[in-house]
Amino acid sequence: APPDRVWEVLTDHEHMADWTPFRSSEVLTRAGEDGGVGTVRKLSGGPAGLSLTETIVVAEEPYRMEYTASGVPGTSFYHGFVTLEPTPADGTKVTWEAQFRSPLPGAGMITSATLRTLVKGLVTASEQKLSDKGDDTDVCQTR
């Protein structure tokens, strides 16, 4: 799916539970019509009952979003980065990274696995959204 389609899914904060491992997502504070910088969302019912509150701190449509998160067990700091890069075949390369502080052993491995799950969910939802819109694009390339 092209970056604008992936961005549409990524910033549809109310429907994040459709493609993430969380059971519910809600917007606590919306900044502007597009839900950009300053938007606060809560994700609940994640793995092991995990609930997070995230704040969007950078939104450069349709290529980059950054957010901070509170409620991540065992972390004193969490900052996520999502970058969308167009590919030659009208697709998108998705890169999702995080910086965090945690004294817990294995936190990096767990975070990496979670980010991979988020990328896969975002890609699947974006491709589904593309087919739902009846786009006649033959090639959808996402990573």
- Check on residue 121, within 11 Å of the chain's Cα centre (by Cα) and at negative phi: yes
- Being closer than 16 Å to residue 122 by Cα, surrounded by 14 or more Cβ atoms within 10 Å (Cβ to Cβ) and not polar (S, T, N, Q) is the filter here, so list the residues in segment 81-97 that pass it. 81, 82, 84, 86, 91, 93, 94, 96
- Note on the structure: When restricted to 78, 67, the only residue over 19 Å from residue 12 (Cα atoms), assigned to a strand (DSSP E or B) and open to solvent by less than 30 Å² (accessible area, probe 1.4 Å) is 78
- Task: Could you tell me whether residue 37 is under 19 Å from residue 8 (Cβ atoms) and not polar (S, T, N, Q)?
- Result: yes
- Item | Enumeration of residues in segment 81-117 that are assigned to a helix (DSSP H, G or I) and polar (S, T, N, Q) | 111, 112, 114, 117
- Task: Quick one: in segment 23-57, of everything that is touching a Phe, Trp or Tyr at 6+ places or on another chain (Cβ under 6 Å) and either part of a loop (DSSP other than H, G, I, E, B) or basic (Lys, Arg) (or both), which residue is surrounded by the most Cβ atoms within 10 Å (Cβ to Cβ)?
- Result: 46
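The values are calculated or read from the model by the stated rules, or taken from the named source; none is laboratory data. Note that the structure is predicted; figures quoted are calculated from it, not measured. Positions of Cβ are generated from backbone atoms using ideal geometry, with glycine treated the same way; all protein chains shown enter the neighbour counts. All accessible areas refer to the heavy atoms of the entire protein, side chains included, with ligands and DNA or RNA removed. Shrake-Rupley method; radii C 1.70, N 1.55, O 1.52, S 1.80 Å.
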